[in-house]
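Below: one structure, written as structure tokens.
Rule-based calculations on the coordinates, nothing more; no lab input. Computed from a predicted model, the values in this text were never measured in an experiment. Every residue, glycine as well, gets a Cβ built from its backbone with ideal geometry; the counts of neighbours run over all protein chains shown.
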Amino acid sequence: MKLKIPFYIIIFLTSCMTGLNSCKKYLEMPAQTSFNTDSVFSKYQNAERLLFDLYQFQGRALATALNGKLGSSSVATITDEAICFTAQNGYTSNNVYAGSVNSTWFTVNGANGEDVYDNHWKTIRKALILKDNIDRVPDATADVKGRIKGECTAVIALEYFEMFKRYGGVPIVKKALNDAEDFVIPRASLDSVYNHIINLCDEAIANPYFPAKVPDEKEFGRLTKAFVYGLKSRTMLYAASPLFNSDKPYQDFGANNKLISFMKYDKNLWTLAAKSAREAIAYAEQNGYAIVKNFGVTRNYKVACEDVPKAGNTEVLYGTFQGINQSKLYWLGRGTNVGGYAATEPTQNHIEKYQNTDGTTVNWNSTITTPVNDPTAPYKKLDPRFHISVAYNGCLWVTTNPTYSLEIYDGVDASVANGRNGPISAKTQFAYFTRKWLNGFEASGVWTPMSPYMRLAEMYLNLAEAINEASGPTAEAFSAIDVIRTRSGMPTVSRTLDQAGLRKFIENERSIELYLENHRYFDVKRMMMGDVFKGPINDVRVIRQKNGAYTYTKYKYHDRAWFTHWYLHPFPYNEVNKGYGLIQNPGW
Amino acid sequence: MHVNMKIPFKQYCTCLTFITVLLMSMSIQAQKKSTQKDSIIHMSADLQAIAYGKVPKREVTASIVTLTGKDIEKNTVFSLGNALYGKVPGLIVDQNSGEPGNDLPGFSTRGVTTFGYARAPLVLVDGFIRDLNSVSVFDIENISVLKDASATAMYGIQAANGVVLVTTKGGTEGKTKLTVDFSNGVQSPTRLPQFYNSANFAKFYNQALSNDKLPSLFSDADIAGYTDGNRVLYPDVDWIKEMVKQNAPITSLNISASGGNKIAHYYVSLGYLNNTGIYKNTEINDGYSTNSNLNRLNFRSNIDVNVLSDLTLKLNLGGQINDINAPRMATSDIWNRLYDYPTHLFPVYALPGLLGGTAAFADNPMGYINNRGYREIHNRFFQSDLDLKYDAGKHVKGLELGARVGFDNYYTVTDGWSKTFAVYQTTKDPISGKPVVGAPIGANTNLAYNSPYNDAQNRRGTAELYLNYIRKYGNSHTINFLALYNQTRQIVGRENPYNMQSVNAKLHYDFKNRFFADLTTSYGGTETFAKGNRFGFFPAVSAGYVLFDQQQAKSSNAINYLKLRASGGMVGSSNVGTRFGYRELYVGGGSYAFGNTNAGASTITEGTIANPDLSFEKSYQYDLGIDARVFNQVDLSLALFQQDRKNILTSQSTTVPALFGGSLPSVNKGEVRNRGIELSLLWQKQFKHSGFFARLNMSIIKDRVVEMAEEVVPQGSEYFYRKGSPIYYTYGLDAIGFFASEKDIANSPVQIFGPVQPGDLKYRDRNNDGIINNYDVGPIGNGSVPTKEFGLELGFNLGGFDVQVMMQAQLDRNVNLASYGNIFFPFRTNQKISTFVQEPWTVQNSATAKYPRLSTLENANNYRTSSFWLRNGDFLKVRSLEFGYNFSSLFLKKTGLSMSRVFVRGMNLFTFDKFKYSDPENIAGYPTMRSVNMGFKIQL
């Protein structure tokens, strides 16, 4: 009996142990089906997909058309260019009008704010990892790897520029961080960030593998050397502008003034900006880019802003199809043939920037009465760029059959029918609709126009501005603007303008040429002209009289809030609260 | 209790071997002295199922509650979980939708214990991990809920959320018993949201437009038209009434046979269930129905055979075939349309046979439910387990060896037929004023077959080896030792297999059948974590002492029986929501468009950074209990407990600087403490021809977040933190009324959510910084998880008649209406206005208004979680009410039956609550059902 007991125990335990041993690997994870750092860089195919991922957040940085910012009301609506439907609470531009902007939302939430601070860092990390590891890819040539490195450098430079213009000095991260101790990096001075961007641009420019232009149309949307030249020009223009190039900051920041200002005025920065704009134009034009001017004066601007290179746009240095909100209804005024949300509509302030093709302007300061049944009379002679950018009462909206004309008016009294798109019928608020990117509008639904981030036209404007500031209104400055104007059928600039006059003229021209392309908000801030955002923001009231004539009366729609501390964005509240030394910008 | 629990697997096994050998040699010593009599173990009839076995209730030292099959059968339910409301103190069951085939309730034991991924208890059917709903209510012998660490430690790494053991019926020696259960009934929704009719809609809409400073849409003539007009031009369609019926039939039939002789016992059953949905006009199509419908066929065959005098074999087989029919479109989309579609826009039919609709509202619910085709969901369960037990008593007294295997398969697939339909808009001819039907919007197509999709083939295989040894030493000491090895592999579709491995042991000690102690351990692991963190050691100890019992107490004593018990231990939860998180990972990113078209290029992106330290959650559980019987008629059971859940995964993103740029993994740092008291009282008395019973179950449980990563908020806003509050506590703004005027707005703190007008919600500036923003969000009230739960069951019989009622109440719970915007926020995208909206704010009623000003637009200021939208969600529901008659034995004798009963039973008949608008447990979506059933039970 004694023998039997151990026997059973042994049987049980042996079987237990056998179970364990035979299944020694029972709890090991099966072969990994997903990638790790080693496997992802073992094939060029994967590395390329990592590269594409760098652009993930760029879609949001691009032109207003599609970026879905500010509750879809877009950045243009917080400038004097445009306005959003003010009864629509979800359009957070309304908060900006009311002055209730703070660090809890403005740079936190991509859908509601103007920026997502975190996303810049996410992209920088991705680019650093890719740049550091691309040499490990066995099946790619040095050319291909070199190009990817150039592209990574360009992406990092672009991200720093996007932060530079919004926040001033930010931390500088030079490698992909892994250790918690490395995470504590203070804000660098404005100066250092500026130099860092210029160094990155120079590094990308010096890269022999980085192409001037995408070698294949299918790659349109990837960064190129021509873009980096442009980015350098833009960075230098911003650096030379009064917001940063000053011996005192826009708002005193005490010991931290260097984070938001160069703290010395350096006129030479304008000279450098002019030089870099000149280089950008020369480089682009040597490499096949050109101002679009072969489509006729009424169409050149449309091709330059909305079309892809394949369709003849030789001017776009960086643009994309990527969109966040692809419903064009956001751009439509309410009550059109397919509805609309009136998220971004032009203001009367913007309309008044356009000149007639003979160089004169329309006088909006008294009521305009049109001839009988001629609603478009005030607009007929305006800049062709106006007709591409703005839809107005009486314009042909849908150009294809069946056509559709806008009737943005109310009847003078009950005996005159209200226009179908007017305030009463369509429950709308403004007399203008956005047309840019909607030209040839046909039906609702998904809509993906090309959305430009940088066009060669901007380089000419940068050049003119920088020269004017560095050496006054020279012939080079005037002719740079003429390039932009003449291709749209506008007369050349009057050579009699003095420096201040030309400055004003260039600012106006930028607003027209770069309408809705996300420039105005930052241009006004770098020029320290924030007060123009205060308004008054005007609209026009259109009334059809009994005889069929129309009256156009400008009226003040509203005033808006503007504060000095708004010159730079706030860092997200919760980011500052993490307590690792991120100093909040003054006033926030 | 902060012991390092990381013992290598092999050392643990060696240790167990040592203990086993030691016990065996002790037993040999004991054997020599013992007499034959000793081997007779006292087995009370009142056995309780515990982890891997059954013991007399008296000997149980852990916190376990058992329900018998009889308790369960008295419910007409289609998912077993729905039979458990209020039945077990500390088992919280939350009712969901009543949709056929999709009515599983939510579960948790002892309240909320973690904010981690898995919160539901582990369910075992006949000892194997299985779906609670894979078993028919008629096949259940008993259900045990294991609540403390001592009860669950055998399931170690999976036990932290509690364990539910379901045991199916077996046969007993004796004559064959044939039982037939049949019931048939009708069901209807308990409560449905109500909306205003067209005329009221128009009035309110105009009011909202005027608030938005927009011109009116409806003229007085329109409103008059909607009040009593031509319903073609002025429709008034109550879509819910149009599409939802009040009498959907349900049928249940179950036939079982059981019996056995000395060699074999068996229980076999076959069941059929039919549960019909509540959609109307679903039979208008030739050859098919679009109504929701569940047809279930299930069987069970449990056989145990004494193969040899010392070798028994037990084979359990069970299966279920569910065929679910449903409208083609998703249930949530259907209900959203029923709630959203305006009453005034178009009639159901523009002309006979032509559905009404507009371009913006093209999903006419009549067509959406009935003319889009249908879905068929087929799922099948198959379960099998085999237990081979060898009584080695002739070699070593009290020794039993066994092996068990279980193999289950679950398969589900959806297919069906789909089509589209056209709608027609009716407009008024401007000249004649007559209605004109426009061109079709959309197109009527023919049915097209949808190839099978959503298919998943899940399998689970489990193997166990065990050794059980019972020994009595002298007259006072008995030990029972159980050691068990378990290995489980689960395959879920194309996921990597889930593997588990464990060695478990339990030592039970009994001193004079008066003092009992248990030591339970498990050493188990899963492949989810890195080597080194894979295995955990889970120990628990418990003891019980019977102070009084029948023999001791005099008959005059008030207390007839009294037992005290206490337990403490640590168990784990390995289902942390992420697998293989210890390895670095690159994953697919979003696509990005390059080139000339908007065609996206696929991308790869760095995934969450690896966390090699990832490990399981640990729950430290302590329990004190009293079981008593007083005045010879009242049984009482009381438990006090505390559970400290540690190692809960919690995010790091709230503390790491954004400039890092990567996605940091969660870490095992969260902690929750949960405490409670559970009480169960049973008072029963039997007289000569009558009897009654009353059972009260009660639990009061409160949890509190001890540690959780949270966004850092500035000084003065500390109320923002969830630390210190229950996990599901509702956080929001504190609404203090409506803005009375522009002046009031100007004098109040700025609310940054959007421009405000008089009549909008005004919030309290908690941190007094002059701005109302997200940092003014703080605790505003309980969430939907109750703190107090009660179950009250009453019954009496008089002669053959009996009445039984089961009530359940949940208190200290709230419903957050801001989560159901399409019902409670009117007009936003032209949808309806519900009758919940009463006395909306206007300038005239500004002092007495009960709802913010109406708006036709989105209103980010009003439509967010605040105390205004948090409403009392307490309820008491009469879950079941049954009248029955058992035929007299005289009658039975004549017919040869052994039992015969007829009954009428109502389920969810009444709800008492303060919310009133819709069912407080299931506010929107497919509603909860109430049913009335008649049936019989015959036993031959």
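Here are the numbers for this structure:
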item: Neighbouring partner chain Cβ atoms per residue of B:745-753, average, 10 Å criterion; result: 3
item: With eigenvalues of the C-alpha gyration tensor scaled by 5 and rooted, the range B:678-807, Å; result: 52, 21, 8
item: Candidate lysines for bridging to B:K245, where Cα separation is under 16 Å - those fewer than 8 sequence places away on the same chain excluded; result: B:K280
item: Two-site label geometry, B:N513 and B:I263: point separation in nm, points 7 Å out along Cα→Cβ; result: 3.5 nm
item: Euclidean distance of C-alpha centroids, the range A:483-539 and the range A:88-167, integer Å; result: 28 Å
item: Taking the C-alpha atoms of the range B:236-350, convex hull volume expressed per residue in Å³; result: 133 Å³
item: Among A:233-241, B:261-269, B:398-406, the order from most to least packed when residues are scored by Cβ within 10 Å on average; result: A:233-241, B:398-406, B:261-269
item: Among the listed pairs A:K69/A:K556; A:K69/A:K131; A:K381/A:K436; A:K556/B:K743, those beyond 20 Å (Cα-Cα); result: A:K69/A:K556; A:K69/A:K131; A:K556/B:K743
item: Bridge type composition, the protein assembly as shown - antiparallel percent by DSSP, nearest 5; result: 95 percent
item: Chain B - Kirkwood radius from inverse mean 1/r over Cα pairs (Å); result: 31.6 Å
item: Most to least packed among B:197-203, A:524-530 [average Cβ atoms within 10 Å]; result: B:197-203, A:524-530
item: Relative intensity, log₁₀ I(q)/I(0), of the range B:559-718 from a Debye sum that treats every alpha carbon as a point, q = 0.10, 0.11, 0.19 Å⁻¹; result: -0.65, -0.72, -1.18
item: The range B:427-559, Cα convex hull volume normalised per residue, Å³; result: 385 Å³
item: For the protein assembly as shown, diffusion coefficient by Stokes-Einstein and Kirkwood Rh (Cα), 20 °C, 1.002 mPa s, µm²/s; result: 57 µm²/s
item: Reciprocal of mean inverse Cα separation for chain A (Kirkwood radius, Å); result: 26.1 Å
item: Size of electric dipole in the protein assembly as shown: Cβ of Lys, Arg +1 and of Asp, Glu -1, about Cα centre, debye, nearest 20; result: 3800 debye
item: Entries of A:K43/A:K175; B:K147/B:K685; B:K70/B:K175 with Cα pairs more than 26 Å apart; result: B:K147/B:K685
item: Average Cα contact separation per residue, the range A:257-320, under 8 Å, 6 or more apart, as relative contact order %; result: 23 percent
item: Computed over chain A: relative contact order in percent, which uses C-alpha pairs under 8 Å that are six or more apart; result: 18 percent
item: Rounded tilt (10° steps) of A:499-513 against the dominant C-alpha axis of chain A; result: 70 degrees
item: For the range A:492-588, fraction of C-alpha pairs farther apart than 23 Å, in %; result: 55 percent
item: Cα point-scatterer Debye curve for the range B:343-387, base-10 log of I(q)/I(0) at q = 0.15 Å⁻¹; result: -0.52
item: For the range A:498-543, Kirkwood radius (reciprocal of mean inverse C-alpha pair distance, Å); result: 12.1 Å
item: Cα gyration tensor shape for the range B:480-553, rounded if a/c is under 1.5, else prolate or oblate; result: prolate
item: Kyte-Doolittle at least 1.6, axis length at least 20 Å by Cα - qualifying DSSP helices, chain B; result: none
item: Euclidean distance between Cα centres, the range B:723-796 to the range B:77-146, Å; result: 33 Å
item: 16 Å Cα-Cα reach of B:K877 towards aspartates and glutamates, excluding residues that sit fewer than 8 places from it in its own chain; result: B:D94, B:E789, B:E793, B:D812, B:D913, B:D919, B:E921
item: Debye intensity ratio in log₁₀ form over the Cα atoms of the range B:669-710, taken at each q of 0.15, 0.25, 0.34 Å⁻¹; result: -0.57, -0.84, -1.05
item: Pair-distance profile P(r), taking every C-alpha pair of the range B:73-201, with 10 angstrom steps and integer %; result: 10, 35, 29, 16, 7, 3, 1, 0
item: 0 to 90° range, to nearest 10: angle between helix A:44-53 axis and chain A longest Cα axis; result: 50 degrees
item: Relative packing of A:483-490, B:215-222, which averages over residues the other C-beta atoms within 10 Å, highest first; result: A:483-490, B:215-222
item: Degrees between helix A:475-486 axis and first principal axis of chain A (Cα, 0 to 90, nearest 10); result: 90 degrees
item: Compactness of the range A:99-256, expressed as Rg and Dmax over alpha-carbon positions, Å; result: 17.3, 55
item: Pairs of lysine residues in the range B:375-517 - Cα separation under 27 Å, sequence separation of 8 or more or cross-chain; result: 11
item: 18 Å cut-off, amide nitrogen to a point 7 angstrom out along A:K43 Cα→Cβ, residues in the range B:598-612; result: B:601-607
item: Approximate spin-label separation B:N444-A:D143, in nm, with each point projected 7 Å along Cα-to-Cβ; result: 6.2 nm
item: Mean separation of Cα contacts under 8 Å (6+ apart) over length of chain B, as relative contact order %; result: 12 percent
item: Dipole axis of the range B:100-194 (+1 Lys, Arg; -1 Asp, Glu on Cβ), positive-most option in B:G111, B:L122, B:G156; result: B:G111
item: Largest-first ellipsoid semi-axes for the range B:796-850, taking √(5λ) over the Cα gyration tensor eigenvalues, angstrom; result: 44, 16, 13
